[in-house]
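Novice: If you scroll down you'll find the structure; I have some questions about it.
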Amino acid sequence: MQRLLILFVLIAALGGCDRSKIQEGEYLQAGGDAVLPLKRSLKAALVRGLEGGSVNAISACRTEAPKLAEEASSPSAKVGRTSTKLRNPANAPKDWMKPLLSRYEADPESREPAVVVIDKHTVGYVEPIFAQPLCVTCHGSNLPDDLRAKLDELYPGDEATGYAAGDLRGIFWAELAR
């Protein structure tokens, strides 16, 4: 009887492990699905903005990006982006994001999304953002004088320059209802 009880406990424990893996996979999928509209709409807005020049793209990004994040959010998933090198202080990382940002910075080759339990009602999802050639137009090292002046005007504490294509730029994130 004691062996049967031990076997039952082990089976139950193993079943619990399997469920947590499936749940993590579900949150990885849900998080990826949640940030995808923001990624697509943000890229489209930046491409449109760049058609009018890099100074125009900065203005488009400043006004469009917050609206796009709000539009991509839902009652079950709030989405956004952040970095340790901020242009807009309103995009500062929340406490739960900081260890994940640190992990990506410590291993910039890591490209896997991650999930973390924030509290009993919320799971956090993150995926790294790597600077694309389009991004370095406004986030690179050699910025034209007019662009630098506009950045200084709009973002006096701008830290989001000096990137090369392929550099870790930050993360897309989602807070998912459990």
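The values are calculated or read from the model by the stated rules, or taken from the named source; none is laboratory data. All of these numbers come straight from a predicted model, not from anything done at the bench. Reconstructed Cβ throughout: ideal geometry from the backbone, glycine too, with neighbour counts over all protein chains shown.
Novice: Could you please find all residues in segment 95-111 being in contact (Cβ under 8 Å) with a residue 24 or more places away in the chain and outside any helix (DSSP H, G or I)?
Specialist: Of everything in segment 95-111, just one residue is in contact (Cβ under 8 Å) with a residue 24 or more places away in the chain and outside any helix (DSSP H, G or I), namely P108.
Novice: A further question follows. On the given criteria, is E109 of a type in the set (D, E), surrounded by fewer than 20 Cβ atoms within 10 Å (Cβ to Cβ) and within 29 Å of K150 (Cβ to Cβ)?
Specialist: Judged against the criteria, E109 is not a match.
Novice: Here is a follow-up. Out of the residues in segment 59-90 meeting the condition of being part of a helix (DSSP H, G or I) and aliphatic (A, V, I, L, M), tell me which one is surrounded by the fewest Cβ atoms within 10 Å (Cβ to Cβ).
Specialist: Of segment 59-90, the ones part of a helix (DSSP H, G or I) are 59-72, 89-90.
Add one more test, that the residue is aliphatic (A, V, I, L, M), and what stays is 60, 65, 68-69, 72, 90.
Values: A60: 18, A65: 21, L68: 22, A69: 21, A72: 22, A90: 10.
Looking at the filtered set, the residue picked out is A90.
Novice: Report yes if Q2 is farther than 23 Å from K67 by Cβ and at pLDDT 90 or above, otherwise no.
Specialist: On the way: farther than 23 Å from K67 by Cβ: yes; at pLDDT 90 or above: no.
It is false that Q2 is farther than 23 Å from K67 by Cβ and at pLDDT 90 or above.
Novice: Turning to a different aspect of this structure: Can you go through R81, R178, R111, R169 and tell me which one is out of contact with any Cys (no Cβ under 6 Å at 6 or more places or on another chain) and over 20 Å from L42 (Cβ atoms)? If you could, list the steps in order and put the result at the bottom.
Specialist: On the way: R81 fails: over 20 Å from L42 (Cβ atoms); R111 fails: over 20 Å from L42 (Cβ atoms); R169 fails: over 20 Å from L42 (Cβ atoms).
So the residue among R81, R178, R111, R169 that is out of contact with any Cys (no Cβ under 6 Å at 6 or more places or on another chain) and over 20 Å from L42 (Cβ atoms) is R178.
Novice: Here's something else I'd like to know. Inspect segment 137-155 for any residue being aliphatic (A, V, I, L, M), surrounded by 14 or more Cβ atoms within 10 Å (Cβ to Cβ) and under 20 Å from G32 (Cβ atoms) and give the result as yes or no. Lay out the reasoning, then the answer.
Specialist: Within segment 137-155, the first condition is being aliphatic (A, V, I, L, M), and the residues that meet it are 143, 147, 149, 151, 154.
Keeping just the survivors that are surrounded by 14 or more Cβ atoms within 10 Å (Cβ to Cβ) gives 143, 147, 151, 154.
Keeping just the survivors that are under 20 Å from G32 (Cβ atoms) gives none.
Within segment 137-155, none of the residues are aliphatic (A, V, I, L, M), surrounded by 14 or more Cβ atoms within 10 Å (Cβ to Cβ) and under 20 Å from G32 (Cβ atoms).
Novice: Is one or more of the residues making up segment 47-55 polar (S, T, N, Q), in contact (Cβ under 8 Å) with a residue 24 or more places away in the chain and either closer than 21 Å to Y155 by Cα or surrounded by 14 or more Cβ atoms within 10 Å (Cβ to Cβ) (or both)?
Specialist: yes
Novice: Scan segment 112-127 and tell me whether some residue there is assigned to a loop (DSSP other than H, G, I, E, B), under 14 Å from K85 (Cα atoms) and within 14 Å of the chain's Cα centre (by Cα).
Specialist: no
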